[in-house]
Structures are given as structure tokens and as C-alpha cells.
Amino acid sequence: MNDRTELKAKNRKLLLRLLSVVAGMTLFAFALVPIYDVFCDYTGINGKTGGQEEAATDMQIDGSREISLDFIAMKSSDIKASFHPRQSKMVVHPGKVYLTDFFVKNDTDNPVILQAVPSVSPGLAALMLHKTECFCFNQQPLAAGEEKWMTLRFFLDTEFPEDIHNLTLQYTLYDITGKGETGAVAAN
């Protein structure tokens, strides 16, 4: 009987340990997304870019360095819209402000609200690409068949890494119509 009581106590202890492990794993899973976001914000990994910034008026342009910047426009698989950059490539200098734009057209008979999400590659350069104006900062309401050019104004940090000569800025366009959007589209 003593052995049986001892076995039950060991089993109970093992069960408590296993439940603790499961609880710990569950808490870690919920904490992983915020931890990952903080890590990406801090390191610039995963191509996440910062929000809107102002260009310094006394910023020095480094005309001796040329960085090739490719623009890529992608759409989620369920979106019915035309989306492309005005130019697919630019040669830029750190410290100089540039302006370009992206074309979007609603190819449906219904109003939509679109949102562009940026990504920069290589990821370590994401924190060095600063946008002063970007269509990705706001939702883009479009009436049925409406088309427009959306502005992107940006500059590379004057401390842009010397070993990076090529940069890719990709925007992926999503249809967020009816998904808690704040914008409104006038029906035509």
C-alpha cells in the first residue's frame, strides 16, 4: 500500500509539472507576437519600416554613393485591382529626398478600401529608408472603376551602410473593405 501511495504522489507531481509546461508554452505563444514586433522594430529585420518622418533641412547629400532601388508592387490573391509603380527602378543618393508614385485602379463594379503594406530588403536597411509621405500610411478608398496615382516621398539616411548597393521596396496591396476600416467610399 505504501508503494501505491508513493506512486500516486509521483504521478501527481509529474502531472503538475506537465500542466505547468503546457501553461508556460501557452503564455509564451501569446507573448511571441509582441516580442517579435519589438525585436523587428529594434533591429529592422523582416523589412518593417518606420512611420512617417521629416527630412532634416540641413541634411547632406552623399553624391558619391549610388544605391539602386527597385520598386515591386504585389497584390493579395483575392484583390481585383491594377497596381504598379511609375518606375520600377531608381538610382538614389543618401540624404536626398525623392518623389515617385504608384498607380492603382479598382477593377470592380463596387467601391473598395485598399491598404498597402511595405517591406524592405535587405531587412537591415529598412531602418535607413525614411518615408516623409506614403500612400501606405493611409487606407485608400476607391469608387468602382476609380484610378489614381499614390505618392511616395522618401530618402535614405546619410549613414546608410556602405556595403549595401541594392535595395528593394515592395508594397503588397490588400482589400480591407468591410474589415473594420475607417475610410469611406462614395458610391458612384
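Laboratory data are not the source of any read-out in this text; all were calculated from the coordinates shown. What you see is a predicted model; the values in this text were computed from it and never measured. Note that each Cβ is placed from the backbone with ideal geometry, even for glycine, and that neighbours are counted across all protein chains shown.
Which distance in nm do the two modelled labels at Leu19 and Leu99 give, with both placed 7 Å along the Cα-to-Cβ direction?
Label at Leu19, label at Leu99, 6.6 nm between them.
Alpha carbon centre of segment 1-25 versus segment 56-90: separation in Å?
Measuring centre to centre over Cα atoms gives 59 Å.
So if R0 is 35 Å, what FRET efficiency would Val91 and Leu32 give, r being the distance between their Cβ atoms, rounded to the nearest 0.05?
Step by step, r from the Cβ atoms, then E = 0.35.
What whole-number volume per residue, in cubic angstrom, does the convex hull of the C-alpha atoms of segment 57-126 give?
So the per-residue hull volume is 122 Å³.
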